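The values are calculated or read from the model by the stated rules, or taken from the named source; none is laboratory data. All of these numbers come straight from a predicted model, not from anything done at the bench. Neighbour counts run over all protein chains shown; Cβ positions are idealised from the backbone, glycine included. With ligands, DNA and RNA removed, areas are computed over all heavy atoms of the protein, side chains included. Shrake-Rupley method; radii C 1.70, N 1.55, O 1.52, S 1.80 Å.
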Amino acid sequence: MKFTIDWLNEYVDTTGFTPEELADHLTMLGLEVDAVTELFQELASIKTALVVSVASHPDADSLSLCQVAVGAETLQIVCGAPNVRAGLVTAIALPGTTLPGGVKIKKSKVRGIESFGMLCSERELGLSSAHSGIMELPADTPHGQSLLDALGLNDILVEVDLTPNRPDCASVIGIAREIAGIIGRPLTLPVDSVEVQQSTAAFSVDVESAILCPRYGARLISGITIGPSPWWLRKRLLSIGLRPINNVVDVTNLVMMEYGQPLHAFDFQKLADKKIVVRHPRKNELDFTTLDGLVRKLDEEMLVICDGAQPVAVAGIMGGMNSEVSDTTTTILLESACFDPISIRKSARKLNLSSEASYRFERGVDPGGCLLAMERAVRLLCEVAGGTAEPGGVDKYYGQKPFKTLTLRISRTSDLLGIPLDYETIEKALTSIAFRCKRKDADSLWVGAPSFRIDIEREIDLVEEVARLIGYNSIPTTLPTVRMSYPEQDRSRTIRAEIGTLLTGIGYFEAINYSFTSEKHLQWLGLTEEDPRCRLVRLVNPLSEEQSVMRTMLLPGLLENVQRNINFQKSSIKLFEIGKVFTPKGDNAQPLEKLRLIGVLSGNRFGESSPYHFKQQSVDFLDAKGAVEYLLHELRFMGTAASAPLSFSPADQERMEPFTDPLQFLAINGKGEQLGSVAKVLSGVLRKFGIKQDLFFFDLDLDALCKLEPAAKNFTSLPVFPAVNRDIALLVPEQVAAGALVDAVLQAEEPLIERCDIFDVYQGESLKAGYKSVALSVTYRSAKKTLTEKNVEKVHTKIVTMLGSTFEGTLRTG
């Protein structure tokens, strides 16, 4: 929305406020100002001039030799304008001046005669398209002064970026109303009230679609003389970037910008049967030529304005060539209507045609302002075009809505804004922008919103209006209360993030699959109907048969990922996924959602690393187990420090998965229950998924894992004293797990033991049948002193004795 400060002052006195201050007020009112610009600065060097005398050019019949007074100076100018004459006051561009079109004026010779400048036409100055002669100014205009001062062009343009909910401010009066409310000065309107006599025999109006056209007003004006508009009117339009056309069209454009109500003038003599019909176009009327000379393709859903025979305008968007006001027009029918915003928006988009009128109708025009704008236009047309308005007119008002009244609570407003308010303060603020207020009780008031405020629907909208008008800067600044305690972290989210970091750090890639999958995958895995994972949540409207049920396992999705990677010749694969699985709870209940972690690995152990540095080795069961051990150790769920350490153990037949190799399956246990597993997938199952190479996986219940308490973080200083290493080679029954020996050493609670590692496991003919040799390396260190042989030997002997008694072992001597 564009307006000028001079135009604004017609409706509200802004004396004492600079344009910048007014712009700040508008911005704080919610009407963001994009720019504040001085107008016509390109004409600042143009002067007024008096033609003193005119003589013929000695070498050109079409040129005149003029003596021109510019203040105290008289200059010789060669001019070719037919209207140049002695005594004419006009505009002159002196040497060094650059005209709006980019032409630079300099002293020159024209047919051998020197010319010290140029007398300008309105088109050369960018003021209009007139170029039949040089500009003619009033005879009493002093010469030598700035043209800007002479024409009153010293003005400031303000551009406001409107939000869609404020169509009332798409007018100068709407802006003036806001300014008047904030600075506390009265608003002066050109027309306060009007009534149209509902009687005329000169024409008729018929509205066939009252929903799409809730109001249609029209007046007849005869005796019109088409011609240029007076300078004040042209100046108003030029200042906001609109091109003056003629006095009738200029008046409709001026009133549209003034009131925000689009108007249209029809040549009454071109209207068949002297009638107006608002309807949809018929099938033989879909080709229509608009005022821009283009043939538009209408459709039967659009709204058109017709005469007795054919369409004459696209409602709310643009008029037609067949009813255009021309130089011969003497009688016009002036339209002031209100159309449905959605209908106008659809039509404008379909026609790819946007106009100032459609811009306002699309956002919503106040039906209550139609007659005020029409009356204003009628008075101006009678003034500038010499017309006479018929006393009667037409006002078809179908969409009149009851006056909306809302209740505004004073205490609620004060609480929301954080400042004490009373009835008088709120009433003064709201009535300043045309709201009506009446006290309801001690703590509330009735508020009636004017019809042009279509955005006021609830009490909170009124609170916002109060805040705008008393000023946001009046609301005291307060800091929010922030607790000094550290916010509680979502443990599940933290663990998921740590898992992602850890697994990607050892070469895994995260996969994210859809939560819905195919039912056949469970059959391929060999699950029986009694398996709880075969109880499925089915989709009512699946995307495809392959995505018809919610997943109960994450493994099938990763197996499809592996198969797809192998098809693209990426056979070395390490993937993991963290996601939810779904179990139904009943017909009308939401399914149970559990969070799980699964990882798969297949192909080369070293991925795509260079075979020159890394030998080709296939992954095995221990790679999968090692990944889980690393993960659980880093999360502090394994080890002697854990409060409920997790462990691996062979699973019984009932707990084994039907799709895994029973010889390569370990259960992950914690707190007496199985929290996951590590296993190899059977080759027959893999072939059903299109995989022809070995594949291992690990699966963990993340919800259960997140409920465990990890070991506390303990920090110790770096060791100062040297360590002592001792080896133990122990013969134990072959059913004893080598890892159990390590755990026993670490849990012996000997302060000198720093670590224990397995470095050899041996079985052979040289050993006693049913036994194996396990070799351990134990590291001893003291944080307080250097250990002596006696210190180490004492503890080492105790450890060997404990291992022998616990695991029925003996020291291996050979």
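For (1) part of a strand (DSSP E or B); (2) in contact with a Gly (Cβ under 9 Å, 6 or more places away or on another chain), each residue gets a yes or a no:
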{"residue": "A69", "(1), (2)": "yes, yes"}
{"residue": "V78", "(1), (2)": "yes, no"}
{"residue": "P82", "(1), (2)": "no, yes"}
{"residue": "A86", "(1), (2)": "no, no"}
{"residue": "E124", "(1), (2)": "no, yes"}
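With respect to the stated conditions, V325 is outside any helix (DSSP H, G or I) and either touching a residue at least 24 places away in the same chain (Cβ under 8 Å) or of a type in the set (V, I, T) (or both). Could you check, for segment 611-626, whether at least one of its residues is of a type in the set (G, A, S), part of a strand (DSSP E or B), modelled with pLDDT of 85 or more and open to solvent by less than 90 Å² (accessible area, probe 1.4 Å)? Yes.
Of the residues making up segment 349-405, just one is surrounded by fewer than 16 Cβ atoms within 10 Å (Cβ to Cβ), β-branched (V, I, T) and under 40 Å from the mean Cα position of the chain (by Cα), namely T405.
The residue list V742, V685 contains one member that is in a helix (DSSP H, G or I), open to solvent by less than 90 Å² (accessible area, probe 1.4 Å) and in contact with a Cys (Cβ under 8 Å, 6 or more places away or on another chain), which is V742.
E195: of a type in the set (D, E, K, R) and buried (at least 19 other Cβ atoms within 10 Å of the Cβ), yes or no? Taking the combined requirement at face value, the residue does not satisfy it. Hand me the list of strands (runs of 3 or more DSSP E) wholly inside segment 362-455 holding 1 or more residues that are more than 21 Å from I175 (Cβ to Cβ) and without any contact (Cβ under 8 Å) to a residue 24 or more places away in the chain. Where strands (runs of 3 or more DSSP E) fall fully within segment 362-455 and carry at least 1 residues being more than 21 Å from I175 (Cβ to Cβ) and without any contact (Cβ under 8 Å) to a residue 24 or more places away in the chain, they are 436-441. For segment 688-724, the tally of residues that are closer than 21 Å to P645 by Cα and surrounded by 11 or more Cβ atoms within 10 Å (Cβ to Cβ) stands at 13. Just one of the listed residues (L663, L597) is without any contact (Cβ under 8 Å) to a residue 12 or more places away in the chain and part of a strand (DSSP E or B), namely L663. When you check L631 against the structure, is it in contact (Cβ under 8 Å) with a residue 60 or more places away in the chain, open to solvent by less than 20 Å² (accessible area, probe 1.4 Å) and farther than 30 Å from E749 by Cα, yes or no? Spelling it out, it is not the case that L631 is in contact (Cβ under 8 Å) with a residue 60 or more places away in the chain, open to solvent by less than 20 Å² (accessible area, probe 1.4 Å) and farther than 30 Å from E749 by Cα.
Considering every residue within segment 328-348, establish whether at least one is open to solvent by 20 Å² or more (accessible area, probe 1.4 Å), among the charged types (D, E, K, R) and in contact with a helix residue (DSSP H, G or I) (Cβ under 6 Å, 6 or more places away or on another chain). Within segment 328-348 (the criterion being open to solvent by 20 Å² or more (accessible area, probe 1.4 Å), among the charged types (D, E, K, R) and in contact with a helix residue (DSSP H, G or I) (Cβ under 6 Å, 6 or more places away or on another chain)), the answer is yes, since at least one residue qualifies. Of everything in segment 532-560, what is out of contact with any strand residue (DSSP E or B) (no Cβ under 9 Å at 6 or more places or on another chain) and at pLDDT 90 or above? Give them in sequence order. C534 - this is the single residue of segment 532-560 that is out of contact with any strand residue (DSSP E or B) (no Cβ under 9 Å at 6 or more places or on another chain) and at pLDDT 90 or above. Of all the listed residues (S115, S146), the sole one being surrounded by 15 or more Cβ atoms within 10 Å (Cβ to Cβ), within 54 Å of the chain's Cα centre (by Cα) and polar (S, T, N, Q) is S146. Of the residues making up segment 640-663, just one is touching a Lys or Arg at 6+ places or on another chain (Cβ under 6 Å) and closer than 21 Å to D531 by Cβ, namely D661. Residues of segment 221-280 that are among the β-branched types (V, I, T) and within 27 Å of G174 (Cα to Cα): I240, I245, V248, V249, V251, T252, V255. With respect to the conditions (1) surrounded by 22 or more Cβ atoms within 10 Å (Cβ to Cβ); (2) under 30 Å from D455 (Cα atoms), L187 lacks only one, and its number is (1). State whether one or more residues within segment 568-591 are polar (S, T, N, Q), in a strand (DSSP E or B), surrounded by fewer than 17 Cβ atoms within 10 Å (Cβ to Cβ) and at pLDDT 90 or above. Yes; the residues of segment 568-591 include at least one that is polar (S, T, N, Q), in a strand (DSSP E or B), surrounded by fewer than 17 Cβ atoms within 10 Å (Cβ to Cβ) and at pLDDT 90 or above. Being without any contact (Cβ under 8 Å) to a residue 24 or more places away in the chain and not in a loop (DSSP other than H, G, I, E, B) is a condition met by at least one residue of segment 775-791. The number of residues in segment 257-297 being among the small types (G, A, S), within 30 Å of D192 (Cβ to Cβ) and either assigned to a strand (DSSP E or B) or open to solvent by 40 Å² or more (accessible area, probe 1.4 Å) (or both) comes to 1. The C-beta contact set for segment 494-521 (first residue free of Cβ contacts under 8 Å to residues at least 40 places away in the same chain, second residue assigned to a strand (DSSP E or B) and not charged (D, E, K, R), distance under 8 angstrom, 6+ apart or interchain) comprises F516/V549; F516/M550; S518/V549; E519/V549.
If the condition is being of a type in the set (G, A, S) and either under 27 Å from the mean Cα position of the chain (by Cα) or in a strand (DSSP E or B) (or both), then segment 1-58 contributes A23, G30, A35, A49, S53, A55, S56.
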